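This report refers to the structure that appears directly beneath it.
None of the figures in this text is laboratory data; all of them are computed from the coordinates on show. Since this is a predicted model, take the numbers as computed values, not measurements. Every residue, glycine as well, gets a Cβ built from its backbone with ideal geometry; the counts of neighbours run over all protein chains shown.
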Amino acid sequence: MNTSEAPAKRHFHEELDALQEILLSMAGKAELSVARAFKAAEENDPSVAQELREADEEIDDLETEVDERVAELLALHQPMATDLRFVLAAAKVSNDVERVGDHAVNIARAVRRMRKHVPPPQVRELREMAVVTQEMLSDALAAFVARDAGAAMRVRLTDDKVDNLRKSLFRIMVSHMLEDPRNIGGGLEILLISQNIERIADLATNIAEDVIFLVEGKQAPGDYTRADHDAGPGLDED
Amino acid sequence: MPTTHDIDTGGRAPALEAHGVSVFYGDKQAVKEIDLVVPANKVVALIGPSGCGKSTLLRCFNRMNDLVPAARVEGRVDFHGKNLYDDDVDPVEVRRRIGMVFQKPNPFPKSIFDNTAFGARINGFKGDMDELVERSLRQAALWDEVHDRLGESAYDLSGGQQQRLCIARTLAVKPEVVLMDEPASALDPIATQRIEELIYELKKDYTIVIVTHNMQQAARISDYTAFLYMGELVEYGPTDRLFTNPAEERTEAYVTGRFG
Amino acid sequence: MSEGARDSMAQSSADRRRHRRSRLFAVVCGAATAVGVVALVVLLADVLVDGTGALNWSFLTSFASRFAERAGIKAALAGSVWILVLTALISFPISVAAAIYLEEYAPRNWITRLIQLNIANLAGVPSIVYGILGLTVFVRTFGLERSVISGALTLSILILPVIVMASQEAIRAVPSSIREAAYGLGATRWQVVRHQVLPMAMPGIMTGTILALSRAVGETAPLIMVGAVGFIAFTPTGVLDEFTVLPLQIYNWISRPQEEFHALAAAGILVLLALLLTMNAAAILLRNRYRTRR
């Protein structure tokens, strides 16, 4: 059987391509929101929150469309094997990307609220978290496009780094807040921002795991389970 | 080399085992050295594009290929540890114990009762025929529809009913294995669905091997699926595995519709 | 012609030519049919005109005689019936068995093909040849002399190829799906033949047999060779008795110079036709009955 002489693309396969296009469009918007939220945090810019909320509505609409198309493809075409895994992965990835957008909005809102408080110190860890997380998200999405399970595995491994940074940041902010009660307002917002950043990193890891399922047809090996990520970091952790 | 995933026979002896089965029509080789294990009380589906040899392979299991003068079978098919193609094996007895349902319903031009009873009669059944006919028709999910008109011609039934009648008459000889060659392909969707439900019920008491060109059907009703291509076994394994994550590229291409 | 007119559904001159040609063809075929029908009608009319006068009960119950007014067809009619029954009893089982063997049991090799070819050729051999065969084998060698049984045996061999071929067709017409189903249930070849193939093929076999027999009823030449005599004043009581048959009697009367005997001959033809019609009607009835049953 000569697969290079495969028949012309079926209508169904074009639908699959269209689905991927929508996902990538969604992902692009989400990445942009994340970048702008981080920049707002960096520059203490409160105006971004409103714009991000509007952008997030677009992302939500796209997620709805992805869900509808997934249902349609499953019902009408009974996809099998790789096609099936792609459609299922598309549903999961769109869900993850939508939540990334939400977290970006949360970050922008925290920045806006910080106006009312004593400005907290610039902490190196926060910026590092932002940089690493942005890379994770970008790499996970790239792995999805390229169907690269290896790249996806590397994203998973980076998640630890973000966790550790958050824990350091936690300790720093706690001692900062203990020094002076007036620091508490700003400190809490910083902690909230760091929590959201960590959630974005978790979602990037989820996307990476979706890619591994898509490419290899089984769940990713290792100690990591989705449950670990969903539980989220508690403020009283460690 | 084909990929054969672990076939769980549940610790029991398999119903049928094919070893190196090949079928030749003159010089042309239609089936190429296939090894296949059919676990007891399971449904095994044979899928593949037209002409891939799945029906020919099926017919090796009950020696129906003997009836085709041009066909030559090599290899072994073990049933209860005995090779069906040994010289001392009577093909008539084989066919009693391994029954077959065909693609186009082919009831005899007799009454419903006589159709169901025919196989049992010619095999020397001496017991209560009424009871046997009723039991077989019930097992084939046809009793309720015909119990009051058993004397009528089988040709008065609809296509789906005729096919269930053919199943009933096969069950009446009490086989262990039932081979089905595209049993629903000549039927409408509702009748097809009833046949599929029936197969699901039947596997409690029988082992079923079904040839189908309808992938979704194989996905719906079988426990194990074998993908054949041009006479070769390409991949054989649990159905859910074959359709969600096949190991062979050719299997993937076939089930996703990128070829065939 | 404008675009609109060309596109309309009205007939163009080319269409009219085609229709004319089609009708012409139908007319030619009809005329050809008419030729056959007309010839038959003329023949029948001729016979009816000549024969109805002589056709009465005494005609049917009297023996042949030198005197036309006392001559009857009784001996010939009885002889024909005896021959018919005996031939049927002999030829039917042998032919059907041969057909079953050739279709179901014989291997598909050159020997079988040779036998097939042989049988087909035998069907075309002139009947007088069978007469010579019958004379040599049955009358002389078997010592059966001029008797009903010699005649029946000769005619059996004559119509054997016809029945075999018709039976083979009928057996072949049984769908292979029925056979497959029967084999699939664990039937032996004999069980398949006896319970499925034969019952389904029987209407066709019977039709073929009756048609072959109606041919046998009209045979004259071989029976003359085997010893049917023209003048007989008794009906057969046993298979070794001498006999005569309708066609022979008719020929006998036609050969006489007197007009009265010609009328008798015509009446005899009517009786023969009636016999043949009855047999054909039986064949059609049988065929229809079995067809509706399915």
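In sequence order, what are the phi-derived ³J(HN,Hα) couplings for region A:30-42 according to the Karplus relation 6.51 cos²θ - 1.76 cosθ + 1.60 with θ = phi - 60°, rounded to whole Hz, with x for glycine and proline?
5, 4, 4, 4, 4, 4, 5, 5, 5, 5, 4, 5, 4
Evaluate the relative contact order of chain B (contact order divided by residue number), counting alpha-carbon pairs under 8 angstrom at least 6 apart; express in whole percent.
On the way: 510 pairs, mean separation 74.2, N = 260.
29 percent.
What's the angle, to the nearest 10 degrees (0 to 90), between helix B:189-202's Cα axis and the longest principal axis of chain B?
So the helix axis and the longest Cα principal axis differ by about 90 degrees.
Each residue of region B:136-145 in order: what ³J(HN,Hα) in whole Hz does its phi give by Karplus 6.51 cos²θ - 1.76 cosθ + 1.60, θ = phi - 60°, with x for Gly and Pro?
5, 5, 5, 4, 8, 6, 10, 3, 4, 7
Mind checking B:241-247 for the average number of partner chain beta-carbons within 10 Å of each residue's beta-carbon? Walk me through the intermediate numbers first.
Numbers: counts 1, 2, 5, 8, 9, 4, 1.
So the per-residue partner count for this stretch is 4.
Where both residues lie in chain B, what percent of DSSP beta bridges are antiparallel, nearest 5? Kindly include the intermediate steps, with their values, before the conclusion.
Values: 24 of 43 bridges.
In chain B, DSSP labels about 55 percent of beta bridges as antiparallel.
Check every DSSP H run in chain C and write down those whose alpha carbon atoms cover 24 angstrom or more along the long axis and whose mean Kyte-Doolittle hydropathy is -1.0 or greater. Before the final figure, lay out the partial values.
Numbers: long enough: C:13-51 (56 Å, 0.78); C:74-100 (39 Å, 1.90); C:148-172 (34 Å, 1.64); C:198-217 (27 Å, 1.25); C:259-293 (51 Å, 0.81).
Helices passing the filter in chain C: C:13-51, C:74-100, C:148-172, C:198-217, C:259-293.
Any idea how far the Cα center of region B:125-197 sits from the one of region C:189-219, in Å?
Using only Cα atoms to place each centre, the spacing works out to 32 Å.
Starting with the fewest neighbours, write out C:TRP253, B:TRP143, C:TRP190, C:TRP110 ranked by other beta-carbon atoms found within 10 Å of each beta-carbon.
On the way: C:TRP253 25, B:TRP143 17, C:TRP190 12, C:TRP110 8.
Fewest to most other Cβ atoms nearby, the residues stand as C:TRP110, C:TRP190, B:TRP143, C:TRP253.
What number, in percent, do you get for the relative contact order of region A:94-222 if the mean sequence gap of Cα pairs under 8 Å and at least 6 apart is divided by its residue count?
Computed over region A:94-222, the figure is 42 percent.
Please identify, among A:ASN206, A:ASN164, A:ASN196, the residue showing maximal mean-square fluctuation in a Gaussian network model of chain A using a 10 angstrom Cα cutoff.
Among A:ASN206, A:ASN164, A:ASN196, the largest GNM mean-square fluctuation belongs to A:ASN164.
HN-Hα J couplings of region A:196-208 from phi, Karplus 6.51/-1.76/1.60, θ = phi - 60°, integer Hz, Gly and Pro as x?
5, 5, 5, 5, 4, 5, 4, 5, 4, 5, 4, 4, 4
Computed over the Cα atoms of chain B, what is the convex hull's projected area averaged over all directions, in nm²? Display every interim value, and only then the final one.
On the way: hull surface 56.4 nm².
Here the figure is 14.1 nm², rounded to one decimal.
Listed here are the pairs A:LYS92/A:LYS161; B:LYS32/B:LYS204; B:LYS82/B:LYS174; A:LYS92/A:LYS218; A:LYS218/B:LYS32; B:LYS28/B:LYS54; which of them are more than 22 Å apart at the Cα?
Numbers: A:LYS92/A:LYS161 24 Å; B:LYS32/B:LYS204 32 Å; B:LYS82/B:LYS174 19 Å; A:LYS92/A:LYS218 15 Å; A:LYS218/B:LYS32 32 Å; B:LYS28/B:LYS54 15 Å.
In this structure, A:LYS92/A:LYS161; B:LYS32/B:LYS204; A:LYS218/B:LYS32 exceed 22 Å between Cα atoms.
For region C:126-240, what does the alpha-carbon gyration tensor say about shape, rounded, prolate or oblate, given a ≥ b ≥ c as the root eigenvalues, a/c under 1.5 as rounded, and a/b over b/c as prolate?
Taking the square roots of the gyration eigenvalues as a ≥ b ≥ c, region C:126-240 is prolate.
For C:172-184, what's the mean count of beta carbons from other chains sitting within 10 Å of each residue's beta carbon? Can you show the working numbers first?
On the way: counts 0, 0, 1, 3, 2, 6, 4, 2, 7, 13, 6, 9, 20.
That average works out to 6.
Mind checking the angle between helix A:124-146 and chain A's longest principal axis? C-alpha axes, 0 to 90 degrees, to the nearest 10.
Computed tilt is about 0 degrees.
Just grab the label-to-label distance for B:ASP35 and B:ASP90, each label 7 Å out from Cα along the Cβ direction, in nm (one decimal).
3.4
For a quick check: with amide H placed at 1.01 Å from N, whose amide H comes under 5 Å from B:GLU232's, ignoring anything fewer than 5 positions away on the same chain?
B:LYS32
Mind giving me the FRET efficiency for C:PHE67 and C:VAL27? R0 is 51 Å, r the Cβ-Cβ distance, nearest 0.05 is fine. Don't jump to the answer; show the numbers that get you there.
Working: r = 53 Å, r/R0 = 1.04.
With R0 = 51 Å, the Cβ-Cβ based efficiency is 0.45.
Want the number for A:ALA142 to A:LEU178: 0.36 nm per residue separation, take away the alpha-carbon distance, what's left? The partial results should precede the final answer.
On the way: separation 36, 0.36 × 36 = 12.96 nm, distance 4.23 nm.
Length gained, A:ALA142 through A:LEU178: 8.7 nm.
Hey, with R₀ at 30 Å, roughly what FRET efficiency would C:ALA282 and C:ARG140 work out to, going by the Cβ-Cβ distance, to 0.05? Could the numbers behind the result be given before it?
On the way: r = 36 Å, r/R0 = 1.19.
With a Förster radius of 30 Å, E is 0.25.
Could you list B:ASP27, B:ASP144, C:ASP46, B:ASP78 so that the one with the fewest beta carbons within 10 Å of its beta carbon is first and the one with the most is last? Please list the in-between numbers first.
Details: B:ASP27 5, B:ASP144 9, C:ASP46 12, B:ASP78 17.
The order, fewest Cβ neighbours first, is B:ASP27, B:ASP144, C:ASP46, B:ASP78.
When the Cα centres of region A:91-170 and region B:39-74 are compared, how far apart do they sit, in Å?
58
For chain C, modelled as a Gaussian network with Cα springs under 10 Å, which listed residue fluctuates most, C:GLY218, C:GLY124, C:GLY79?
C:GLY124
Would you mind ranking A:VAL100, B:VAL177, B:VAL89 by Cβ crowding within 10 Å, fewest neighbours first? Working shown, then result.
Numbers: A:VAL100 29, B:VAL177 20, B:VAL89 15.
Ranking A:VAL100, B:VAL177, B:VAL89 by Cβ neighbours within 10 Å, fewest first, gives B:VAL89, B:VAL177, A:VAL100.
Loop only per DSSP, at most 10 neighbouring Cβ atoms within 10 Å: give me the trypsin sites (Lys or Arg not before Pro) in region A:113-150, ordered by residue number. List each step's numbers first, then the result.
On the way: sites: A:ARG113, A:ARG115, A:LYS116, A:ARG124, A:ARG127, A:ARG147; in loops: A:ARG115, A:LYS116, A:ARG147.
Counting only loop positions with at most 10 other Cβ atoms within 10 Å, the trypsin sites (Lys or Arg not before Pro) in region A:113-150 are A:LYS116.
What number, in percent, do you get for the relative contact order of region C:196-294 if the mean sequence gap of Cα pairs under 8 Å and at least 6 apart is divided by its residue count?
Working: 69 pairs, mean separation 33.7, N = 99.
That works out to 34 percent.
Calculated FRET efficiency, A:HIS11 and A:ALA151, Cβ-Cβ r, R0 45 Å, to nearest 0.05? All intermediate terms of the calculation are to be shown ahead of the outcome.
Details: r = 31 Å, r/R0 = 0.69.
With a Förster radius of 45 Å, E is 0.90.
With bins 5 Å wide starting at 0, give me the P(r) of chain A over every alpha carbon pair, in whole percents.
Histogramming chain A at 5 Å steps yields 1, 7, 14, 16, 17, 15, 11, 7, 5, 3, 2, 1, 1, 0, 0 percent.
What residue among B:GLY75, B:GLY160, B:GLY99 shows peak mean-square fluctuation when chain B is described by a Gaussian network model with Cα springs under 10 Å?
Sorting by GNM fluctuation, first place goes to B:GLY75.
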